[in-house]
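These notes are about the structure you will find just below.
The values are calculated or read from the model by the stated rules, or taken from the named source; none is laboratory data. Given the structure is predicted, the values throughout are model-derived calculations rather than measurements. In this analysis, Cβ positions are derived from the backbone assuming ideal geometry, glycine residues included, and neighbour counts consider all displayed protein chains.
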Amino acid sequence: MDDTAGAAAYGAGVSARRLLLVNGPNLNLLGTREPAVYGHQTLADVVDLVEKTAQESGYAVRAVQSNHEGVLIDAIHDARTDCAGIVINPGGLTHTSVVLRDALTGVGLPVAEVHISDVHAREEFRHFSYVSDIATVVVVGEGVAGYARAVRELVATLGRPEPD
Ligand code: CA2
């Protein structure tokens, strides 16, 4: 039985200096279609913003975007050993995926959930999230800038990583 999950893998007094940024299905299309809903910024802009915001607090970022649920699950599992927290926009999987929720609870890292659009002002099926009740931070409807807020609020709960 592997008992090295999350912060425990680092032992007392040592903390991971990295955040995992997860963007789910179709978010690779950001900036190419539906600007009225998702704005003009691209996924590259999102990654850049998250990296810069995390860096202010001494964190590096590993970014993953995939249209395949299993790829996202594997990335979340891999975060157990070297990440302090997860910033995630699960895309449409937000509203459907017990599997994604189980991966997040399984690794036990603090989670910040982000949605670019105001999901509560859209179709009824977007109102429920499988992630929100297990997330430490939820940011909805602030556009791409919401990722920066999510990072800051998550880091506020984590504290800065310890220096070398
Ligand atoms: O508002 C958000 O960030 C969402 O997570 C985006 C998802 C949607 O299913 C959620 O309900 C809310 C969709 C991502 C698709 O992104 C696109 C971006 C540009 C063009 C087409 C899709």
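Annotations
- So Asn89, is it at pLDDT 95 or above, near the ligand (Cβ under 10 Å from one of its atoms), crowded, with 21+ Cβ neighbours inside 10 Å and not acidic (Asp, Glu): yes
- Filtered residues of the stretch 146-164 (kept if in contact (Cβ under 8 Å) with a residue 60 or more places away in the chain and surrounded by 15 or more Cβ atoms within 10 Å (Cβ to Cβ)): Tyr147, Ala148, Ala150, Val151, Arg152, Leu154, Val155, Leu158, Pro161
- In the stretch 107-131, residue nearest to Asp74 (Cα to Cα) [restricted to those that are more than 10 Å from the ligand (Cβ to nearest atom) and touching a residue at least 60 places away in the same chain (Cβ under 8 Å)]: Val107
- Of all residues in the stretch 1-58 being modelled with pLDDT under 95, in a helix (DSSP H, G or I) and closer than 24 Å to Ile73 by Cα, the one that is nearest to the ligand (Cβ to nearest atom): Gly6
- The lone exception for Arg62 - which of (1) at pLDDT below 95; (2) assigned to a strand (DSSP E or B); (3) basic (Lys, Arg) it fails: (1)
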